[in-house]
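Scroll down for the structure; my scribbles are underneath it.
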Amino acid sequence: WLLIHRVEILRGPQSTLYGSEAIGGVVNVITKRGGKENDVSILAEAGSFNSLRAVLNASGSYSNIYYAVGIARFETDGFSAAGEKYGNTEDDGYENTGASLRVGLVANEALDFEVSAHMIDSEADIDLFGGEGGDDPNYTSEYTQMFVRGQGHLVLFNDFWEQRAGVSFSEHDRDYINLSDAAHPDDVYHNKFDSDILQADWQSDLRFSESAALTFGLESEEQSGKTETLERHDTDTL
């Protein structure tokens with residue numbers, strides 16, 4: 001819904017092109033690239049449970065620079081995940097903000113550079129369980145995801161030798177926060193999980209004919225993660 005141009009589904013091992021973790025298949029989401037003409041689109045929707053969605057996309061080019069940018073917002077009051085017959089009537093809402101950017105520079109017919117970035121920030125109200133007293137008005141889940149990539153693309157010898165080299169960084173942060181309330185005075189804690197991935201890759205294609213090509217490359221990836229649980233029984237110090 002946000003700058004998506006097309007989606008490719010590849011079955012089977014694809015580690016040669018998509019990295020060592022692509023052992024069972026790949027869902028490749030290809031974002032929109034700015035064309036020769038500037039284009040702006042706006043979408044707004046409203047539905048039940050006070051649900052609202054708005055999307056703004058813009059793309060185009062100027063001289064040898066192309067761009068595509070988008071921002072989206074979704075929010076809803078939702079409904080209680082715990083059983084209403086047990087007196088759980090509080091709505092469990094959800095909100096999500098996303099942004100996407102793709103900017104490129106065409107240096108000449110053989111060389112171009114590109115930077116892309118994506119961000120998601122969301123928050124959801126959740127319940128402890130579905131039985132009596134399952135509604136917890138202060139229990140929320142917050143999730144933030146960020147991805148940034150820069151790459152260069154080079155074609156030599158009349159399209160015989162094509163190369164791509166890039167560096168990407170992604171960050172995933174998830175927080176579960178439960179403040180004290182009258183129904184759950186002891187259910188107070190804060191659980192955090194943060195993870196980062198730094199990746200560098202290089203792919204080289206030798207095209208001998210329309211039906212024969214040789215692909216090889218290198219990839220390096222560094223992952224780090226940290227989880228922390230902070231339990232508190234004093235809401236002033238959480």
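The values are calculated or read from the model by the stated rules, or taken from the named source; none is laboratory data. Source: prediction; values computed, not measured. Cβ placement follows ideal geometry from the backbone for every residue including glycine, while neighbour counts extend to all protein chains displayed. Quick note on the areas: whole protein, heavy atoms, side chains included, nothing else; ligands and nucleic acids left out. Shrake-Rupley method; radii C 1.70, N 1.55, O 1.52, S 1.80 Å.
With Rg and the Kirkwood Rh both taken from Cα atoms, where does Rg over Rh land for segment 22-122?
Dividing the radius of gyration by the Kirkwood radius yields 1.18.
I'd like the accessible area for LEU17, computed on protein heavy atoms only with a 1.4 Å probe and all protein chains in place. Round to 10 Å², please.
80
Considering the dipole of the chain built from charges on the beta carbon (Lys and Arg +1, Asp and Glu -1) around the Cα centre, which of GLY104, SER122, VAL7 is farthest to its positive end?
GLY104
Using the alpha carbons of the chain, what is the convex hull volume per residue in cubic angstrom, as a whole number?
Here the figure is 174 Å³ per residue.
Identify all lysines with a Cα-Cα distance to LYS192 below 21 Å; exclude those on the same chain that are fewer than 8 residues away in sequence.
Straight-distance partners of LYS192: LYS226.
Per residue, how much accessible area does the chain show when a 1.4 Å probe rolls over the protein heavy atoms, in square angstrom?
For the chain, the solvent-accessible area averages 63 Å² per residue.
Whenever you get a sec, compute what percent of the accessible area on the chain sits on carbon and sulfur atoms (1.4 Å probe). Don't skip to the answer; put the middle values down first.
Numbers: 8270 of 15050 Å².
Answer for the chain is 55 percent, counting heavy atoms of protein chains only.
Grab the beta carbon distance between ALA46 and GLU221, set R0 = 35 Å, and tell me the FRET efficiency rounded to 0.05.
Given R0 = 35 Å and the Cβ-Cβ separation, E is 0.25.
Just grab the label-to-label distance for VAL115 and GLU21, each label 7 Å out from Cα along the Cβ direction, in nm (one decimal).
2.5
List the residues, sorted by chain then number, that are 5 or more residues from ASP92 or on another chain and whose placed amide H is less than 5 Å from its amide H.
Result for ASP92 returns PHE79, SER80, ALA81.
Principal axis extents for segment 112-222, Cα atoms only, whole Å, descending order, please.
Reported extents, whole Å, longest axis first: 73, 24, 20.
Calculate, in nm to one decimal, what ARG11 and ILE30 gain on full extension: separation in residues at 0.36 nm each, minus their alpha carbon distance. Intermediate values should be presented prior to the final figure.
Working: separation 19, 0.36 × 19 = 6.84 nm, distance 1.67 nm.
Answer, rounded to one decimal: 5.2 nm.
Per residue of segment 167-179, what does 6.51 cos²θ - 1.76 cosθ + 1.60 with θ = phi - 60° give for ³J(HN,Hα)? Whole Hz please, x for Gly and Pro, Karplus curve as stated.
Along segment 167-179, the couplings run 10, 9, 9, 10, 9, 10, 10, 9, 10, 10, 10, 10, 8 Hz.
From the phi angles alone, apply the Karplus equation (6.51, -1.76, 1.60; θ = phi - 60°) to segment 210-221 and give each ³J(HN,Hα) in whole Hz, x where the residue is Gly or Pro.
Here the 3J(HN,Hα) series is 5, 10, 9, 8, 10, 10, 8, x, 9, 8, 10, 9 Hz.
Each residue of segment 108-114 in order: what ³J(HN,Hα) in whole Hz does its phi give by Karplus 6.51 cos²θ - 1.76 cosθ + 1.60, θ = phi - 60°, with x for Gly and Pro?
These are the phi-based 3J(HN,Hα) values: 7, 5, 9, 9, 8, 10, 8 Hz.
How much net charge surrounds THR31 when only the other residues with a Cβ under 15 Å from the Cβ of THR31 are counted, with Lys and Arg +1 and Asp and Glu -1?
Result for the local shell: +2.
What number do you get for segment 59-103 when its Cα radius of gyration is normalised by 2.2 N^0.38 Å, N = residues?
2.13
Nearest 0.05, what FRET efficiency do SER195 and ASN158 give at R0 = 41 Å with Cβ-Cβ as r?
Efficiency, from the Cβ-Cβ distance: 0.40.
Points 7 angstrom from Cα along the Cβ direction at SER170 and LEU56: gap in nanometres?
2.8
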